[in-house]
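Please treat every number below as a calculation from the coordinates, not as lab data. Everything numeric here is computed off the predicted structure, so don't read it as measured data. Quick reminder, even Gly has a Cβ in these numbers, built from the backbone with ideal geometry, and neighbours come from all protein chains shown.
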């Protein structure tokens, strides 16, 4: 153990010396060594040194933000495995907050959404395992399993005193990213539901818009991004570009020059200035926020609903020399106004809180969609 500590401290000292770091860092390294030594000699139980160091590494990464994390060689290999139907999922996008798993968004028509999991829920137990103290990737591993098997999630929900339990059957998650229909008393509103920004979402979306535009009665659009966890940046840019003639869509800023970029719209609003209402909620994240935020900043759409999630950062998977990997935030998104989405989100022009215990998009009780329909009819 002492040899391991010496090697760790030597490695850290070499890096610090080369970067001319302050004496305060040397003091912290000495303190770290002292803590490890006390654990070795005085802790009540024997400790797995390897797991302890993995936890220390992961602690450093998770202290940065909720999305950076360490993966052991075993976990990294497992995450890269192509299971081809052998393993099923629940259909939720998750992150870490306050040491527990936070639901960013349940994806429409998936087991988690059908069971009643909501954006903002905190998962405190997975089966009989407490989430506190586990990394994000460890929690993901616990939730994965063979298709058809069940799992129990215990969650804490805002304004609900008692924990809630959900039994969910794992399934293969297949997402059709774009749905649409014609709404309104006079059947003159194009409603498009974007569930995610997956590969080819832009092609599906453009095809639907072109079909709607053939209908001379269409006078406006409702674009529904509620519970959309995001996806590919390129798709968000391409779909946003459908509605803008020019101007900046989004920029990314990172430490490296290669991560600092700006993306602009090309000339050509595909719907020729027709009015747009965009629906968002707490489950609208990442690419959804870029889309809604850009249209809001350009005053091209009215944003309606609840404040979005605030996932405004880009992560990269970096392989490590031990066969493991790390998920590291390398840049942040900025809207045309210069505002960051990260931990702030997009605030609607019109705040309409979701009503009811269940969130069912495009139902008769969908008060947010009904509000948007009334705006068009007023």
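Averaged over residues, the count of other Cβ atoms within 10 Å places the peptides 282-288, 367-373, 158-164 in the sequence 282-288, 367-373, 158-164, highest first. Each of 329, 110, 149 was scored by other Cβ atoms within 10 Å of its Cβ. Arranged with the fewest first, they read 149, 329, 110. Inter-label distance, residue 186 to residue 115: 4.6 nm, where each label sits 7 Å from its Cα along the C-beta direction. For the range 117-144, the residues whose amide N sits under 14 Å from a probe point set 7 Å from the Cα of residue 150 along the beta carbon direction are 127-128. Put simply, when 290-303, 126-139 are sorted by average Cβ atoms within 10 angstrom per residue, most first, you get 290-303, 126-139.
Derived value for the chain: Kirkwood hydrodynamic radius 22.9 Å. Basis is the mean of 1/r over every pair of different alpha-carbon atoms. The angle between the Cα long axis of helix 367-377 and the longest principal axis of the Cα atoms of the chain comes to about 30 degrees, rounded to the nearest 10. For the range 102-132 versus the range 48-65, the spacing of their alpha-carbon centroids is 24 Å.
At a Förster distance of 35 Å, what's the computed FRET efficiency of residue 78 paired with residue 261, Cβ-Cβ distance as r, to 0.05? Working from the Cβ atoms, E equals 0.60.
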